[in-house]
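Below is one structure; the comments refer to it alone.
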Amino acid sequence: MHPLRWVFAIVFCGLGSLYGQVPGDLGFTAASQSVAEDTGTVMIMVELTGSPTDTVRAQLALTTFATATSGADFMSADTVNLTFVPGVAFDTLMVPIMDDADAENDEYFSLRLINPENADISGTAAQIVYIRDNDRLAPAPSGAISLNLLTSYSNTPGAVENSAEIVAYMPATQRLYVANSVNNSLDLVDFSDPAAPAPVNSIDLSALGEITSVAVYDTLVATALANATDPVLDGSIGFFDADGNLLAQVTVGALPDMVTFTPDGSKVLAAIEGQPSDDYLTDPEGAVAIVDLSGGIAGLSQADVTLAGFTAYNAQQATLEANGVRISAPGATVAEDMEPEYITVSEDGLTAWVTCQENNAVAVADLVNDTIVAVLGMGTKDWSLPGAGLDATNVGDEIHIANYPVKGLYLPDAIASYSVGGVTYLITANEGDAREYDAFVDEARLGDTDYELDSAAFPNGDLLKAAIGRMKTLVTEGDTDNDGDFDEIYGMGGRSFTIWDGATGALVYDSGDMLELITSQDPVFGAIFNANEDGIEPKNRSDDKGPEPEGVATGVINGRTYSFLALERIGGVMVHDVTDPVNPVFVQYVNNRSTTTETGDLAPEGLLFIPANESPSGQALLVPRSGAHRWGHDL
């Protein structure tokens, strides 16, 4: 019996020597934390679980995933040793935070656990520490002009859903003409007293098509009408008199969107968006419809319609893409892929500029020969540069307008133009947009497992995903070497307004992260920073496109040119003096939605400026419009 017991004892002792007790498990107590710049120190805490009998050691190592600099923004060695004697569950590192006087974006550094002894790193293996800057303040409003709310007007009182997407004004009748897409009607509103708009009539358009836009010149009203049977079929433009009587209708391309007159009223233009069918089996060509009215509305015929398209650019796809134009739909030609969205016309009526949102481009139309003469790529925005930060995740409560190694496509929606010293400048509202169809979706979240980052381009890609993994990205962009992973990351929209040279397309000014900076520090609306239009949860849209600037208009008051920018998500209007296009001045941010309930004027999409000499009150007026309400401001 003794030999057997001895052999058994040897085997048992051997197992103990090999395995002992289960090794301890190491991990940070949190994946991230946030501290104010003037906090003084931040505590980094590592937890040891399990019951190891031997001393446990590991190191904390700084990583290159950082915008804060050791020695300038915080104090830490490249590696720090940790020791856990038996019975000790935590080890901590106190890192000094430097309170500098530099006005900069929020910064961050990160640490990894490495080189464990007698333990496994099975918990949270890395931590990101954000340092909230206390020196960079939003610009103070200049107060050069002041928007004062006159009233809010619903063109469908009591309705659960209400639409006033596009509004036009006729000085001759002192009426507003409203494109009501919910009711599919052209609504006429008495605007003789801007503080008390009153309904006049509502014209049912169901027999003509589905209204998408409206414009006015003198006493003529033009409406863009999508095909009511199928939006991939040709739509039309309907013309009405001041009382809403149909005068003429002409056929244009598929899904006419924004419609506008030239300054002299001789032509009407419509953005022919040409969106595809959900199965992507039909993808109509985008174009600009140009309707010649010089012969009078009574004699208008289909012969007066020209579709200025993009077929001449089909063979130039590589050149366009090299110049920042995005052609991304599967199997589409350039002409099929182009999706015109919004139009602005020069003061002399000879040139039009057309945003093609999904294409990250502005097309230039020659209105003498009725042709597209150029397609200008908007290029990219680098979110790693100073002054171009973003709050990129809807996770957590803290707002961090920080820099990351990601880029953005401007993908502008609305566009406006104005002239300074004989030079025409363009202003774009850089909303961003994705293609989401049954057969083709071009977006994904950065943190998705199948959104694989190139390890050479992003050596700390796991930390980037941990930080802003909820951020929406474009899957059609960024795989520069076509090997299946992403060498660059592209988000949607610039979260900004941009001023461009109309002749060259060169960028003159971009507002950077100013919109998010202003709204985050607003004493009232900072509480719902980047909230959705149908909710009040802050940061709800930070992972998408932030405040989503969608509409833009310009107006001249007392000899100064102002831009008015509508923020679709958090709501409200941002006002800037753009008289000097290189140096715009922030004037005011105004919003009248509730911060506690889903009430007030929500989701402004477009803007109508009425100059003082055309205003019923003799005071310049701003009329933002939205799918929720129409509301008016006195300037």
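General remarks:
- Its Cα centre serving as origin, segment 491-586 has a Cβ charge dipole (Lys and Arg +1, Asp and Glu -1) of approximately 140 debye.
- Computed magnitude of the charge dipole of the chain (debye, nearest 20; Cβ of K, R +1, Cβ of D, E -1): 1040
- Point-charge dipole on Cβ atoms (K/R +1, D/E -1) for segment 22-132, about Cα centre, debye to 20: 420
- Dipole of segment 22-132, positive end: most advanced residue of ALA119, LEU26, ASN105 [Cβ charges, Cα centre]: ALA119
- Counted by Cβ distance under 12 Å from ASP370, the other residues give a net charge of -2, where Lys and Arg count +1 and Asp and Glu count -1.
- With R₀ set to 41 Å, the beta-carbon distance separating VAL368 from ALA228 gives a calculated FRET efficiency near 0.75.
- Alpha-carbon spread of segment 267-352, three principal axes, descending order, Å: 43, 30, 21
- Nonlocal amide H pairs with TYR509, under 5 Å, H built at 1.01 Å: ILE499
- Förster radius 41 Å - calculated FRET efficiency between VAL582 and ASP264, Cβ distance, rounded to 0.05: 0.85
- Entry for segment 22-132 at q = 0.12 Å⁻¹: log10 I(q)/I(0) = -0.41, Debye formula applied to identical alpha-carbon scatterers, no solvent contribution.
- A straight line joining the Cα centroids of segment 342-418 and segment 505-542 runs 17 Å.
- Once the Kirkwood radius over Cα pairs is known for the chain, the Stokes-Einstein relation at 4 °C and 1.567 mPa s delivers a diffusion coefficient of 48 µm²/s.
- Only lysine pairs 8 or more places apart, or on different chains, with alpha-carbon atoms under 24 angstrom apart are counted in the chain, and they number 13.
Every number in this text was worked out from the coordinates using simple rules, so none of it is lab data. Computed from a prediction, not measured in an experiment: that's the story for all the values here. Every residue, glycine among them, receives a Cβ derived from its backbone with ideal geometry; neighbour counts consider all protein chains shown.
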